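This report refers to the structure that appears directly beneath it.
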Amino acid sequence: MCALRQQVLAVFFAAVCAPVMAQGIAAYRIDADAIAAPLAEVGDALRGRAIAGNREQSGCVLCHAIPGEKISGNIGPPLAGVGARLSVPQLRLRLVDSTRINPQSPMPAYYRVDGLTQVAAAFRGKPVLNAQEIEDVVAWLASLREVAQ
């Protein structure tokens, strides 16, 4: 079932997400379970919330329960309280490439572009989110410190 979810998500991101016209991919270094250095400028939590809630741009809401959203997915863990559970560098790695934490993760790599095999030709070499968008979503996720009741 996990392989089927990965295929469905791969098709979704290949067909729906607009290509990100990045000048280049910012270099990053993975240390254990985190990426310590920011990929871009300090993130803006309000922009990050808008990105996460936008089905066409990120698709986060398709798999995660997002605070304030009436309709959301349940494939991934709820995002309420994630900022209390994970550090900013840990959140950054999960967005860049969640398979570095869990190779069976159905979550797409939002920033990694190398080694991906199920990518439409128009999207090859382009991240789902650019470096600034990653930092914006990280800022928003880090602000989610309370667990939903």
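With a Förster radius of 30 Å applied to the beta-carbon distance between residue 71 and residue 41, the computed FRET efficiency rounds to 0.40.
Cα centroid separation, segment 74-135 to segment 30-47: 12 Å. Couplings 3J(HN,Hα) for segment 104-117, derived from phi with the Karplus relation 6.51 cos²θ - 1.76 cosθ + 1.60 (θ = phi - 60°), are 9, 4, x, 6, x, 7, 7, 10, 5, 10, 8, x, 8, 10 Hz, where x marks Gly and Pro. Applying the Kirkwood pairwise sum to the alpha-carbon positions of segment 24-149 produces a hydrodynamic radius of 14.7 angstrom. Extension gain for residue 56-residue 29 works out to 6.9 nm (0.36 nm per residue, less the C-alpha to C-alpha distance).
Using the Cβ-Cβ distance between residue 126 and residue 104 with R0 = 25 Å, the FRET efficiency computed as 1/(1 + (r/R0)^6) comes to roughly 0.55.
No lab work stands behind these numbers, since they all come straight from the coordinates. On a predicted model such as this, the values are computed, not experimentally measured, just so you know. A quick note on method: Cβ atoms are made from the backbone with ideal geometry, for glycine too, and the neighbour counts reach across all protein chains shown.
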